[in-house]
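For reference, the structure discussed in these notes is given below.
Derivation of every value follows stated rules applied to the coordinates shown; laboratory data play no part. All values derive from a computational prediction rather than experimental measurement. So basically every Cβ, Gly included, is an ideal-geometry build from the backbone, and we count neighbours across all protein chains shown.
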Amino acid sequence: MFRYLLAGGLALLPFVFSAAAAQMPAAREVTAASVEAWADENIGGAFENGQITGAVVSVVKDGELIFEKGYGYDDVTSRAPASPETTRVRIGSTTKTFTATIIAQLMEEGLIASIDDPVNQYLKRYKLPDNDGVQITLRHLLTHTAGFEDKFFFIGSDKPVDIPVSAELFDRLRPRFVRPAGEKVVYSNFGVATLGLVIEDLTGKAIDEVFEERLFGPLGMTDTDLVVSIEEPAGLAQPGDIDSRGDIVSPTEFTAINPAVAQTGSIVSTARDMAHYMNAQLGYGEVIDSNVRNNLHTRIEDNAPDLNGLGMVFFIDQWAGRKTVGHGGNWAGFHTWMRILPDERVGFFVTLLGNNTPQSRADMFISAIAPDRAPAPSRAMLSASSTANGFLSEFYGPKREAPVIDKTLMRDLDRYAGLYRGDRRPFTFAEEISSLAFFGAGVLKIEARDDGLYLGGAGPWVPVREGRFVLDAGSHPLMVIEPNARTGALTMSPEIGIYTFTRIPGWASPKLHGILIHILLPLTLIGLFAPVIIGWKSASIAPFAAGAAGCVLLGAALAGLPEGAGMMTGYYAGHLQRLGVFVLAANMLAIASIAACAHAVLRSQARIRILLLAAPALAATIILAQYNALGFRLI
């Protein structure tokens, strides 16, 4: 439960085209027959290859639904086939575009004067604090630039939550500010969740009622709901967990999204209903008028001018010189992407079904220390971005032309090499311990080789301008590496464009720390033998206490967990007990290890034995302190 929590979705990013863009291959005609041939080969092929358990897709053109189809299973247990008309899927963060659309409607109606107004001007039951004296505006929330750290606490729920949410509960979900407002785009669920409160406060209605009255009902989306319950929605598809051979080993467990943040990711819909929504975003019908669409789809923020940008929540891109707008979404078992090409009058929607099988702690450790000896990973596709990418490539050609290498920049690639840690993460509280549990999964390694940069072993990324690198393969995605204007640290902005990675020294690697902590915590248990090694005397108390604390830490991290769950599982559902015990034990470990070392240095005759007994605990303490495990900052 809650072992797969990627609520952001993946994007394809834009590029600032020169006159050479006119030489891009002409678009292949988008017809029912051509789309079906492509989808059968690519989406149907993914099912046959054991990468998904099912899928639904719809394509609109010129206001008409020209193609819809289901692949694989609606339900892996009953083996009922997937249907674009009846298979209900969770669209994840694509929900955010509906929230933004209602904000744009409220602007058009005069209830919101400007997105540059402070959000507190429109909030009634809750107020956001300032970010270092700067009032947070609607623009900040719509473009993920408020400066929040990331926070997954209580993103899911296994207990009912009243809607509208209380101010007290909502404030528990609020992340702290860790960068100046407006400095850069770093994806934030909480920012869009706050927009939901704006909608409720201005309309006087619960968020699910507003979605139904303003969008679902008028658009004829009869099989679509914004889910504000923790119960599994009726008719929801049942994906499956896929192993390394492509076999379905079990149904994917249903996990509820916290109703307090429903506006960020809780819509359940069908491919056919989403076709109605795409046509409305393309200007067909009267529900979403031209002023609303213009506000939604106009680029207003980015991390670099030649990367993907943001409108009002919508990702704004260029593909082969053609504007696209859209969003993605992920939740356990459901992987969605929506892309709309306004000038082509085309819209594409897909949800892939399937999930990876959980890795054991031992397999994760082996993968971290010896990747070549690690068990083969699951075949499951965990994002629909490559599918949307493939659709655009098939019908509009490569995203951009093959790169023209600036050879003068090839001589200085070493300055970009190193480890880059994601900036969409916890910074100030104990949830950062998850970086240790997952062996630094949010860290990328960039290597400089003779033919270019390699990102996670993939490349070459070749320089085309200062700090701009294009992958010399596929559709030639772009990344930008340049110093942060405030801190001076090198920052990498990937093609996805909705977050950044900052270079860190090798000694600060969460992967290294994760490996060490998995070795050190079991070694702390040798402190339990202090009375035997030193004797029953005062000198043995602190080492023994350190060993006892290590025992509690291991128990909190591992004991009594169901298969596939981890220490943070309950935390993501709003339960603090297990992490609280872990943090309490970490503080005990710190006190005991420091006391033991002080006793040894100051007056003990068993100095060497005490230091050897306390060394693993002290080393573990130093690592845990870097991940906010000391003190008691649980949320």
* **Label-to-label distance, nm, for residues given as D130 and T428 (7 Å Cα→Cβ offset)** => 1.6 nm
* Structure fact -> The Kirkwood hydrodynamic radius of region 549-635, taken as the inverse of the mean 1/r over all distinct Cα pairs, in Å, comes to 14.0 Å
* To do: Rounded, prolate or oblate: pick one for the chain, where a ≥ b ≥ c are the square roots of the eigenvalues of its C-alpha gyration tensor, a/c under 1.5 means rounded, and failing that, prolate if a/b is larger than b/c, else oblate.
  => prolate
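Nearest 20 debye, what's the magnitude of the dipole of the chain about its Cα centre given +1 on Lys and Arg Cβ and -1 on Asp and Glu Cβ? Could the numbers behind the result be given before it?
On the way: 53 positive and 65 negative charges, 579 e Å.
The dipole magnitude comes to about 2780 debye.
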* Structure fact -> Mean separation of Cα contacts under 8 Å (at least 6 apart) over the residue count of region 474-517, i.e. the relative contact order in percent, is 25 percent
* Distance-filtered residues of region 421-453 - backbone nitrogen under 19 Å, label point 7 angstrom along R373 Cα→Cβ -> 439
* Asked: So who's got an amide H within less than 5 Å of the one on I504, skipping anything under 5 residues away but keeping other chains? H placed 1.01 Å off N, in plane.
  -> L419, Y420, R421
* Just need the relative contact order of the chain here, percent rounded to a whole number, with Cα pairs under 8 Å and 6+ apart. => 17 percent
* To do: Using R₀ = 30 Å, calculate the FRET efficiency as 1/(1 + (r/R₀)^6) where r is the Cβ-Cβ separation of A559 and L169; round to 0.05.
  => 0.55
* Asked: So what is the relative contact order of region 44-173, in percent, for Cα pairs below 8 Å that sit 6 or more residues apart?
  -> 12 percent
* If each of R603 and E108 carries a label point 7 Å out from its Cα toward its Cβ, how far apart are those two points in nm? -> 7.9 nm
* **Net lengthening on full extension, D363/D247 (0.36 nm per residue, minus Cα-Cα)** => 39.9 nm
* For n ≥ 4 DSSP H runs only, could you compute -39500 (n - 2.57) per run for the chain, divide by its residues and tell me the 222 nm figure to the nearest 500? => -9000 deg cm²/dmol
* Structure fact -> A correct Karplus calculation of ³J(HN,Hα) over region 252-261, with 6.51 cos²θ - 1.76 cosθ + 1.60, θ = phi - 60°, whole Hz and x for Gly and Pro, returns 6, 5, 6, 10, 7, 7, 4, x, 5, 10
* Asked: How long, wide and thick is region 490-573, going by the Cα atoms along their three principal axes, in whole angstroms, largest first?
  -> 61, 34, 16
* Structure fact -> Under 5 Å from the placed amide H of Y73, counting only residues 5+ away or on other chains, we find G54, A55, A82
* To do: Pull up all non-local amide H partners of T137: gap of 5 or more, or a different chain, and H-to-H distance under 5 Å with H placed in the peptide plane.
  => V119
* Asked: Which whole-Hz couplings ³J(HN,Hα) result when phi for each residue of region 570-576 is put into the Karplus expression 6.51 cos²θ - 1.76 cosθ + 1.60, θ = phi - 60°, listed in order with x for Gly and Pro?
  -> x, 4, 5, 9, x, 9, 9
* To do: Considering only DSSP beta bridges where both residues belong to the chain, give the percentage that are antiparallel (nearest 5).
  => 95 percent
* Can you run phi through the Karplus equation (6.51, -1.76, 1.60; θ = phi - 60°) for region 592-599 and list ³J(HN,Hα) in whole Hz, with x for Gly and Pro? -> 5, 5, 5, 4, 5, 5, 5, 4
* Structure fact -> The alpha-carbon center of region 60-82 and that of region 85-156 are separated, in whole Å, by 32 Å
